[in-house]
Amino acid sequence: MEGEMDGSSKEALIEEAPPSYAASSRLPCIPHQLKCLLIVVVVVVVLVVVIVAFLLLGLHITETHAETVLRMTIHGLDDEGTPQHLSMSKKERTGTFAVRDGLNASAVVVYDYSKLLVGYRSWRHRACYITRVDKDNIPGLDAVTKTFQRRQAEAKEAGDDAMPLADRSILGTTVNILCSTVPVYWA
């Protein structure tokens, strides 16, 4: 009979176990020690990237805070005199003061520590005045203001025909912006 199978072949098939196709927990061709080392390296790299990201974020916040214009009110000795407002820029190394220029007018004094210049602009007059300062002997705000106001009054009374500063490249960014629409004179 053709429909019957040979008994010995049935027994051979039953005795053989089928191949196992279950997923292996091991990566092929990578030893266990190398796999552990690879995981440790990846974890360390991710940790370093996270720490560096937080440090850079902290540095950016600190730098932004330090370069943010610092505003404060300064009173004279024993709270005498009028308050003066100061703005400082660490990046440009400048200090900018708003001062009074007469009864109802104001002026701006800029100390540019990187260029060793002091600039003055009164909003009542169409001119800026600058002067050089010695890094070891920087004059106070009152002395600078009086010097500039005296120079401004002399120029107004005498009809001073002094030549304005032709080369503005010696001025710092802050003084250049402050005096951008008016002539600049040496005081």
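The values are calculated or read from the model by the stated rules, or taken from the named source; none is laboratory data. Not measured: the values here are computed from a predicted model. Keep in mind that these areas ignore ligands, DNA and RNA; they rest on the heavy atoms of the full protein, side chains included. Shrake-Rupley method; radii C 1.70, N 1.55, O 1.52, S 1.80 Å.
General remarks:
- The stretch 142-186 shape via C-alpha gyration tensor axes, a/c threshold 1.5: oblate
- By a 1.4 Å probe calculation restricted to protein chains, Lys115 has an accessible surface near 80 Å², given to the nearest 10.
- On full extension, the segment bounded by Val49 and Lys135 gains 26.6 nm, given 0.36 nm per residue less the C-alpha separation.
- Stretched out straight at 0.36 nm per residue, the stretch from Val182 to Leu57 would grow longer than its current Cα-Cα span by 40.9 nm.
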